[in-house]
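**Student:** My structure is below; once you've seen it, I'll send some questions.
Values in this text are rule-based calculations from the coordinates and carry no lab data. These numbers come from a predicted model, not from an experiment. Note: ideal-geometry Cβ built from the backbone for every residue, glycine included; neighbour counts use all protein chains shown.
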Amino acid sequence: MAKPKLATTWLTGCSGCHISLVDLDETLLDVVGQVEITACPPLTDVKEAPEVDVALVEGAVATEENEEVLRRLRERAGKLVALGTCACFGGIPGLRNLHPLAQALQRAYVDTESTVHGVLPCSEEIPRLQPFVRPIDEVVKVDGYIPGCPPTPKMLAQALAALLSGQELVWSRRNLCEECPREHRAMKTTDFEFISQNVSSVCELDEIDPKLCFLEQGVPCLGVATREGCEARCLAGNMPCRGCMGPTPDAKEQGAKWVNAVASLLPAGTLSFLDDVMGLGCRFALPASLSPHWVGKEDEK
Amino acid sequence: MRKVALFFASSACRAGEPIDVKRLASEFEDSVDAVRVYEDFHDSSSLAEMTALVRERGISAVILAGRSPDHYEATLGGDHVAEELARAGVNPNLIIHANLAEHCSLPHAGAPAGVLFQKAKALTEVALLDARIRSAVEIVEVPPRRRALVIGSGAAAMVAAYRLVDLGIRVVVASASDGWRWSDAEKAHLAPSVSILEGHELCTLAFATQIRGVTGWAGDYETILAHEGATRRERFGGIIVAVGEDCESYMALWPLLQIDSTRDGRPYSRNAHTLSVRSTTSGVAIVPPPRAGEEALPRQTADATAAVLEITDLLNKPWLAHRVAVSKVDASHCGLCRTCIKVCAFNACSIDEHAGTSKVDERLCKACGNCVVACPAGARDLITGPTAQITGAIDLLAGVKLGDDPRVLAMLCAGCAYRAADTAAKEGHSYPASVLPLRVQCGGRVDMQHVLQAFEAGFDGVVIGTCREGKCHNIVGHLYLDRRVVLLRDLLRERGIDPERLQIMDISPHEGELCAKTLADFVGELSGAMSGAT
């Protein structure tokens, strides 16, 4: 029997998801033995993949070229899977949606402090940016999602095993607290004094207890409003969750959903120091949210 | 598909500016299983026809397009219609109101007939959507405890207690004061009854006693009574609050019983004309203090007697029906983050360690929906006001074009703001018809995603109507709404949505004029901002 054919591509992303594929280490040898990799940007120099059984797409759709590459790949792929958070939800490149395109370009190419005599790129050969960044499922039909920034090698190995044996990819449904190893103390009971009297904020903490829930210590953590699946490795390493796995299944907007929860969890002092709710709550999934981009006037930003 | 009947009350459509109810009814003929227009729902002939129709056609959801739901609940005998429909087989959660009087006909003096018609149609469509989406609510039948708690130490408390023991109901009179507090004149009149009461086997006098906690529901309230440092738990079927003019007592009782009061500190009656002793909390009767110029004792005696009637009416029933308003927690979603435990003001949420999921104690739950909003995993829903109904209604209302005024979505909490809007209409105050109301259970039920959705769907402004500070019927709903909105404003601003387009209106049920003025001013401000921008 012929080996199933696999192609990968990257759109607007950082190639981190492909690096994560390489991080499969010796498992990668098993994968290579089971599939025929026809096109894979870091490995091959194939501009256009032939017909394949499974295509993995990293990155969001931000340019005209991205859209064309994606559409052509869709036509040739049996199953097309979004690889990583940019492809699933728009990811970090999607934060550009908060600015009108002209201003984003002006800032990036002209106004940045390190730029001298900057000019806007105007070559015909450079693909033009689209007004807003979109997740790939707004352009083509997507058969499965592997979120994460990047997805862990373990998630990739499981997803590949499922795809190669013809199974559907299953989204996890719970929030990250399910996997988080940290303990709850204050959150075991209803206690309103906690939120009103305890005014500590992260800048007043001498140290962060590595075993206790971040929210209870007044440290903003996105874990409550983030899908499980990454095994909470950041949290085990004493880093609060930034939400890279994207919103929980029923949430339409990760930032607003996070606000719904933390407004009643974080101490008042922390809330008053939160000066970038957008950057905290919508860092990874803005283009896939309810209100995915700037809607104000061009000159108001 | 579920069979839905749509009943219109033409009297409600004539309450203020007339709405062509026949034409309105004809618009819905194809979308429901039965449409009827009656003068009013409670005439015996209309009611008989409605219930017969429900039985014959196997109707499972009924829309009452007439007055405000509050109008029916807060009028003597007004809930009879719903009771009869329930008896005919309609689940109480599937009796849905479209408020065509207080939200459409009454408060928009001078609005063009076409606009009012469109608005009435939209409100009916929202009710229809609700009738299709909601699920039946589970009913728990609780036999009431034949014991009553009387709070107070004045003449009213004494009369209430005397009447109750006389009717064979066990009574505890609890008060923070050391003994009876009344004038010599009152004492002279009441001396015989006091001596009977004090020796009565059914009566316990608990002076110098503080009430520390009240949980449960009408027919079965569990209280914590504290006396000289010791506490004891006692359960009562009903509670009578007879603290007279003692405003501080009302304030102290608020976290326990959530009885509304007016600006001058008087308890707020469910209906000042026909139900002056019924409070806004089920199973709790009030004896309002006498007004200036009224002779105190006769008035207090009469009201105390009425309050006793109100409570014994409940306690004499074989059972009381309670709705289980919050859905079961979906274990496949619950990640055990314990957010629900932290947000619940009534300690109704806990973790079922065995099942590995959160759970809700329906006896403690007041169905405010705060945990539904806060739950980051979407593991639960409010059966009496499901999320799909709110999101569906927002999209539906966003599509309604009503004149050129800026369009405003008004999410009004059932506890205060919705009643304030009713009061505004009943007192004859006006605001623009482009304010589209949506009833939500509590300010804490307003999901920030819904606000974003409203702006995305095309609303020019959003008003969230909640209780006044410290007067939230769910204790913390108002507080959490405020905190959420502070954070949400950043999410709006960053997207280019002016945060001023979102306003919180905190208001009490009696503040009708202020409600109308706030809504009208907001539409005016939006109008100014929009014309200034173009």
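**Student:** State the answer as a single residue: which of B:Cys203, A:Asn66, B:Ala109 lies farthest towards the positive end of the charge dipole of the protein assembly as shown, with beta carbon charges of +1 for Lys and Arg and -1 for Asp and Glu, about the Cα centre.
**Tutor:** B:Cys203
**Student:** Ratio of Rg to Rh for chain A, alpha carbon only, Kirkwood? If you can, show how the numbers build up before the last one.
**Tutor:** Values: Rg = 21.1 Å, Rh = 20.9 Å.
Rg/Rh for chain A comes to 1.01.
**Student:** Once you charge only the Cβ atoms, +1 for Lys and Arg and -1 for Asp and Glu, what is the size of the charge dipole of region B:385-534 about its Cα centre, to the nearest 20 debye? Mind showing how you got there, number by number?
**Tutor:** Details: 15 positive and 19 negative charges, 78 e Å.
With Lys and Arg at +1 and Asp and Glu at -1, about 380 debye.
**Student:** If you line up the long axis of helix B:512-533 against the longest principal axis of chain B, both from Cα atoms, how many degrees apart are they, to the nearest 10?
**Tutor:** The angle comes out near 30 degrees.
**Student:** How far is the Cα center of region B:207-249 from the Cα center of region A:113-135, in Å?
**Tutor:** 70
**Student:** Still on this structure, please answer the following. To the nearest Å, what is the center-to-center distance of region A:251-292 and region B:177-195, using C-alpha atoms only?
**Tutor:** 59
**Student:** While we're here: When Lys and Arg each count +1 and Asp and Glu each count -1, what net charge do the other residues less than 11 Å away from B:Gly524, Cβ to Cβ, add up to? The partial results should precede the final answer.
**Tutor:** On the way: positive: B:Lys517; negative: B:Asp405, B:Asp521, B:Glu525.
Once positives and negatives cancel, what remains is -2.
**Student:** Give me the orientation-averaged projected area of the Cα convex hull of region A:5-164, in nm², one decimal. Could the numbers behind the result be given before it?
**Tutor:** On the way: hull surface 39.9 nm².
Average projection, Cα convex hull of region A:5-164: 10.0 nm².
**Student:** Next question. How long are the semi-axes of the ellipsoid equivalent to region A:176-288, from square roots of 5 times the Cα gyration tensor eigenvalues, in whole Å, largest first?
**Tutor:** In descending order, the three semi-axes are 21, 16, 13 Å.
**Student:** A follow-up question, please. Could you tell me whether region B:110-158 comes out rounded, prolate or oblate from its Cα gyration tensor? Rule is a ≥ b ≥ c as square roots of the eigenvalues, rounded for a/c under 1.5, then prolate if a/b exceeds b/c, otherwise oblate.
**Tutor:** Working: a/c = 8.48, a/b = 1.87, b/c = 4.53.
Because a/c hits 1.5 or more and a/b fails to exceed b/c, region B:110-158 counts as oblate.
**Student:** Could you work out the relative contact order of region A:176-288? I mean the mean sequence separation of Cα pairs under 8 Å and 6+ apart, divided by the number of residues, in percent.
**Tutor:** Details: 179 pairs, mean separation 36.6, N = 113.
Reported relative contact order: 32 percent.
**Student:** Percentage of Cα-Cα pair distances in region B:428-477 greater than 14 Å, rounded to whole percent? Walk me through the numbers before you get to the answer.
**Tutor:** Values: 736 of 1225 pairs.
So the pairs more than 14 Å apart make up 60 percent of the total in region B:428-477.
**Student:** Same structure, new question: Can you tell me the Rg and Dmax of the protein assembly as shown, counting just the alpha carbons, in angstroms?
**Tutor:** Here Rg and the maximum Cα pair distance are 30.6, 106 Å.
**Student:** Zone of B:Ser282 (label point 7 Å along Cα→Cβ, backbone N under 20 Å): which residues in region B:121-138?
**Tutor:** Label zone hits: B:131, B:134-138.
**Student:** Per residue of region A:45-52, what does 6.51 cos²θ - 1.76 cosθ + 1.60 with θ = phi - 60° give for ³J(HN,Hα)? Whole Hz please, x for Gly and Pro, Karplus curve as stated.
**Tutor:** Karplus-based 3J(HN,Hα) across region A:45-52 equals 10, 9, 6, 9, 5, x, 5, 10 Hz.
**Student:** Quick one: work out Rg over Rh on the C-alpha atoms of region B:147-315, Rh as Kirkwood radius. Mind showing how you got there, number by number?
**Tutor:** Details: Rg = 14.5 Å, Rh = 15.7 Å.
Reported Rg/Rh (Cα atoms, Kirkwood Rh): 0.93.
**Student:** Find which of B:Ala136, B:His189, B:Gly512 sits farthest along the positive direction of the dipole of chain B, computed with +1 on the beta-carbon of Lys and Arg, -1 on that of Asp and Glu, about the Cα centre.
**Tutor:** Of the options given, the answer is B:Ala136.
**Student:** A further question on this structure: Under a plain spin-label model, where a point goes 7 Å from the Cα along Cα-to-Cβ, how far apart in nm are B:Arg87 and B:Arg363?
**Tutor:** If labels sit at B:Arg87 and B:Arg363, their model points lie 3.0 nm apart.
**Student:** Projecting each Cα onto the charge dipole of region B:1-59 (Lys/Arg +1, Asp/Glu -1 at the beta carbon, about the Cα centre), which of B:Met1, B:His42, B:Pro18 comes out farthest on the positive side?
**Tutor:** Highest projection toward the positive end goes to B:Met1.
**Student:** Let me check against my output: what whole-number percent is the relative contact order of region B:80-160, with C-alpha pairs under 8 Å and at least 6 apart? Write down the numbers at each step before the final one.
**Tutor:** On the way: 35 pairs, mean separation 27.6, N = 81.
Relative contact order of region B:80-160: 34 percent.
**Student:** For the pair B:Glu39 and B:Val140, how long in nm is the line joining their label points, each one 7 Å along Cα→Cβ?
**Tutor:** 4.3
**Student:** Evaluate the relative contact order of region B:385-534 (contact order divided by residue number), counting alpha-carbon pairs under 8 angstrom at least 6 apart; express in whole percent.
**Tutor:** Values: 250 pairs, mean separation 50.2, N = 150.
Dividing the mean separation by the residue count of region B:385-534 yields 33 percent.
**Student:** I've got another one for you. Return the long-range amide H neighbours of B:Arg147 (sequence gap of 5 or more, or a different chain), with a cut-off of under 5 Å between placed amide H atoms.
**Tutor:** B:Gly237, B:Gly238
**Student:** While we're on this one: Calculate how many DSSP beta bridges within the protein assembly as shown are antiparallel, expressed in % of all such bridges and rounded to the nearest 5. Don't skip to the answer; put the middle values down first.
**Tutor:** Details: 33 of 98 bridges.
In the protein assembly as shown, DSSP labels about 35 percent of beta bridges as antiparallel.
**Student:** Right, next: Percent of Cα-Cα pairs per 10 Å bin, from 0 to the last occupied bin, for region B:1-137, please list those.
**Tutor:** P(r) over region B:1-137, rounded to whole percents: 13, 47, 33, 6, 0.
**Student:** Which value, in debye to the nearest 20, gives the size of the charge dipole of the protein assembly as shown about its Cα centre, when Lys and Arg are +1 and Asp and Glu are -1 at the Cβ?
**Tutor:** Details: 83 positive and 108 negative charges, 286 e Å.
Roughly 1380 debye for the protein assembly as shown.
**Student:** Please determine, in degrees from 0 to 90 and to the nearest 10, the orientation of helix B:44-57 with respect to the longest principal axis defined by the Cα atoms of chain B, where the helix direction is its Cα long axis.
**Tutor:** The two axes meet at around 70 degrees.
**Student:** Per the helix-only calculation at 222 nm, which mean residue ellipticity applies to chain B, given -39500 (n - 2.57) for every DSSP H run of n ≥ 4 and division by its residues, nearest 500 deg cm²/dmol? It would help to have the intermediate numbers written out before the result.
**Tutor:** On the way: 17 runs with 199 residues, N = 534.
Result for chain B: -11500 deg cm²/dmol, rounded to the nearest 500.
**Student:** Something else about it: When DSSP beta bridges are limited to those with both residues in region A:5-164, what percentage is antiparallel, rounded to the nearest 5? Walk me through the numbers on the way to the answer.
**Tutor:** Numbers: 3 of 20 bridges.
Close to 15 percent.
**Student:** Please report, in whole Å³, the volume per residue of the convex hull around the C-alpha atoms of region A:1-74. Write down the numbers at each step before the final one.
**Tutor:** Numbers: hull volume 6.0 nm³, N = 74.
Per-residue hull volume (Cα only) is 81 Å³.
**Student:** A follow-up question, please. Pairwise over distinct Cα atoms, reciprocal of the mean inverse distance: report the Kirkwood radius of chain B in Å, one decimal place. Numbers along the way, then the final one.
**Tutor:** Values: mean 1/r = 0.0408 Å⁻¹.
Evaluated over chain B, this radius sits at 24.5 Å.
**Student:** Could you please report the charge total around B:Ser11, scoring K, R as +1 and D, E as -1 over all other residues with beta-carbon less than 11 angstrom from its beta-carbon? Don't jump to the answer; show the numbers that get you there.
**Tutor:** On the way: positive: B:Arg14, B:Arg67; negative: B:Glu39, B:Asp40, B:Asp43.
Counting the neighbours of B:Ser11, the net charge comes to -1.
**Student:** Taking the Cα atoms only, what angle lies between the long axis of helix B:448-457 and the longest principal axis of chain B, rounded to 10 degrees?
**Tutor:** 30
**Student:** Also, I was wondering about something else. Might you report the magnitude of the Cβ-based charge dipole of region A:176-288 about its Cα centre, with Lys and Arg at +1 and Asp and Glu at -1, to the nearest 20 debye?
**Tutor:** Details: 10 positive and 16 negative charges, 69 e Å.
It works out to roughly 340 debye.
**Student:** How much of the DSSP beta bridge set in chain B is antiparallel, as a percent to the nearest 5?
**Tutor:** Numbers: 28 of 75 bridges.
The antiparallel fraction comes to roughly 35 percent.
**Student:** Counting helices only, and only those DSSP H runs with n ≥ 4, report the 222 nm mean residue ellipticity of chain A as the sum of -39,500 (n - 2.57) divided by its residues, in deg cm²/dmol to the nearest 500.
**Tutor:** Numbers: 11 runs with 81 residues, N = 301.
Counting only the DSSP helices, I get -7000 deg cm²/dmol.
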